[in-house]
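K.L.:
I am attaching a structure below and will ask some questions about it afterwards.
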Amino acid sequence: MVRAGPAGRRGRERGGGLRDAPGRPDGLRGPLSPANDIPTGLRRLLDREGARVTGSRPIDHGTQFDLVRNGETAKLNVYRTGKVSTGGKASRLKELLEGWRTGGGRAGVERRGSNAGSRPALSGTPRLGIDEAGKGDYFGPLVVAGVRVMGAEAAEKLRELGVRDSKTVGVLGVRTMAGHVLEAVGAENASVVVLGPKEYEARRSAAGNVNELLGEVDAGIIRELANEVELVVVDQYAKSARSRLEPVVPEGVKLEVRPRAEDDAAVAAASVVARARQLEEVDRLSGEVGFKLPLGATHVLDAARRVVEELGEEGLAEVAKTHFATTEKVLGKKRDGGNE
């Protein structure tokens with residue numbers, strides 16, 4: 001379920017249109033070396049993406065494959081050790097390959113430790129992961145997503161996709177990955193809450209601060225999706241997060257609230273879905289103002305001043321989180337605080 005403010009859109013998020021029709025002509029094909037075939041998980045991902053092999057050749061300790069998709073080309077090197085590397089010009093196809101490679105797509109066991117953020121732990125335990133995007137960005141909405149992973153099969157699909165913390169995925173790759181996440185888990189197992197700037201400011205003010213608002217939104221997602229799971233994992237946005245959420249967690253369901261929770265596959269999936277929707281909304285708002293709105297909160301002053309010059313203070317309120325100190329610098333007057 002997707003919820004948004006008055007200016008937003010309501011409806012079910014779906015990863016529709018991603019399943020291939022049987023026997024379509026653009027699936028992976030071409031000469032393959034039996035000793036160095038493309039890893040199964042990567043092959044499935046590329047096949048879903050409509051990539052095809054146009055050639056292969058031996059290289060030192062492995063095989064190099066030529067890949068093509070929608071006019072884009074890339075090189076894929078598969079070594080006898082099982083490692084892979086990529087080559088070619090920057091493109092969506094190369095980013096897809098890199099996303100699988102750096103996301104630990106070939107890892108078949110749970111991993112924790114220093115690399116856990118980029119290689120999420122996998123588990124067949126039915127769980128709900130919750131994460132947000134846009135909290136620290138001046139322009140655009142706050143987006144909170146919950147993804148319910150109902151067992152080992154769905155977890156394996158996320159592994160094959162190379163799902164990980166969205167901050168480690170490129171802007172192009174995260175949108176593609178989000179669609180496949182929704183397809184892998186089922187649209188009924190995902191909830192996305194989009195608070196556009198105006199609704200965000202109204203609800204933040206009513207709640208008292210951003211963390212109270214996040215608690216309200218997370219609680220709503222838990223009420224919606226925590227049935228049938230054994231574990232709820234939330235990326236910790238404040239030390240008080242656990243006390244805010246414990247009352248709404250169903251009896252018998254374990255709650256984990258911790259920093260860097262993207263090392264859990266369900267939270268990583270939620271991170272990807274939230275980030276992709278945030279980027280979509282920032283693009284939409286950029287179209288409304290007529291120029292590209294920057295991400296983050298550092299290099300935004302020039303864009304904010306341009307919005308005020310062309311659309312006025314009200315126009316800024318339509319696209320920015322105006323309680324940020326940036327607004328005070330732009331307008332030269334004190335604004336309501338409460339960023340925490």
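Any read-out appearing in this document is the output of simple, stated calculations on the displayed coordinates, not a laboratory observation. Quick caveat, the model's predicted, so the values are computed rather than measured. When we count neighbours, we look across all protein chains shown, and the Cβ atoms used for this are built from the backbone with ideal geometry, even at glycine.
K.L.:
Amide H neighbours of Val232 under 5 Å, counting only residues 5+ apart in sequence or on other chains, H built in-plane at 1.01 Å?
P.N.:
Amide H neighbours of Val232: Leu128, Lys254, Leu255, Glu256.
K.L.:
Would you mind pulling out the separation of the Cα centroids of segment 261-340 and segment 165-211, in Å?
P.N.:
Distance between centres, Cα-based: 14 Å.
K.L.:
Taking a ≥ b ≥ c as the square roots of the eigenvalues of the Cα gyration tensor of segment 131-218, is the shape rounded (a/c under 1.5), prolate (a/b larger than b/c) or oblate?
P.N.:
It is prolate, given that a/c is not under 1.5 and a/b is the larger ratio.
K.L.:
Pop out the ³J(HN,Hα) list for segment 232-248 in order, Karplus 6.51 cos²θ - 1.76 cosθ + 1.60 with θ = phi - 60°, rounded to Hz; leave Gly and Pro as x.
P.N.:
10, 10, 10, 5, 5, 9, 6, 5, 8, 4, 4, 5, 6, 9, 3, x, 9
K.L.:
What is the list of residues in segment 133-160 whose amide nitrogen lies under 17 Å from a point 7 angstrom out from the Cα of Ala325, following Cα to Cβ?
P.N.:
From segment 133-160, the list is 136-139.
K.L.:
Another question about this same structure. Which FRET efficiency, nearest 0.05, do His299 and Glu251 yield, Cβ-Cβ r, R0 51 Å?
P.N.:
Result of the calculation: an efficiency of 0.60.
K.L.:
Take Glu153 and Arg52, extend 7 Å from each Cα along the Cα→Cβ direction, and tell me the distance between the two endpoints in nm.
P.N.:
For the pair Glu153/Arg52, the computed spacing is 3.1 nm.
K.L.:
Give the cross-link partners of Lys239 among the aspartates and glutamates, using a straight C-alpha distance below 18 Å as the criterion and excluding same-chain residues fewer than 8 apart.
P.N.:
By straight Cα distance, Lys239 reaches Asp131, Glu132, Glu212, Glu216, Asp218, Glu256, Glu262, Glu340.
K.L.:
Pop a pseudo-label 7 angstrom from the Cα along the beta-carbon direction at both Ala238 and Asn209 and give the gap in nm to one decimal.
P.N.:
Label-label distance for Ala238 and Asn209, simple model: 0.6 nm.
K.L.:
Would you mind putting 250-258, 193-201, 68-76, 167-175 in packing order, based on average other-beta-carbon counts within 10 Å, highest first?
P.N.:
My ranking of the peptides, most packed first, is 193-201, 167-175, 68-76, 250-258.
K.L.:
Amide H to amide H under 5 Å from Gly140: which residues, 5+ apart in sequence or cross-chain, H placed 1.01 Å off N in plane?
P.N.:
Hits under the 5 Å cutoff: Ala320, Lys321.
K.L.:
Per 0.36 nm of contour for each residue apart, how much would the distance between Glu310 and Thr73 grow if the chain were fully extended, relative to their Cα-Cα spacing?
P.N.:
81.2 nm
K.L.:
Tell me, what ³J(HN,Hα) does each residue in segment 151-168 have, in order and in whole Hz, if you take phi through Karplus 6.51 cos²θ - 1.76 cosθ + 1.60 with θ = phi - 60° and put x for Gly and Pro?
P.N.:
Karplus values, whole Hz, x for Gly and Pro: x, 5, 5, 5, 4, 5, 4, 5, 4, 4, 6, x, 4, 7, 3, 4, 5, 9.
K.L.:
In whole Hz and in residue order, list the ³J(HN,Hα) couplings for segment 70-84 that follow from phi through the Karplus curve 6.51 cos²θ - 1.76 cosθ + 1.60, θ = phi - 60°; x for Gly and Pro.
P.N.:
6, x, 8, 10, 7, 9, 10, 9, 10, 9, 5, 6, x, 6, 10
K.L.:
Send over the semi-axes of segment 34-102's equivalent ellipsoid, whole angstrom and largest first, taken as the square roots of 5 times the C-alpha gyration tensor eigenvalues.
P.N.:
18, 12, 11
K.L.:
Rounded, prolate or oblate, given the Cα gyration tensor of segment 221-340, with a/c below 1.5 counting as rounded?
P.N.:
prolate
K.L.:
Something else about it: Give the calculated FRET efficiency between Ala317 and Asn227 to the nearest 0.05, with a Förster radius of 35 Å applied to their Cβ-Cβ distance.
P.N.:
Working from the Cβ atoms, E equals 0.40.
K.L.:
Rounded, prolate or oblate: pick one for segment 285-331, where a ≥ b ≥ c are the square roots of the eigenvalues of its C-alpha gyration tensor, a/c under 1.5 means rounded, and failing that, prolate if a/b is larger than b/c, else oblate.
P.N.:
Here segment 285-331 falls in the oblate category.
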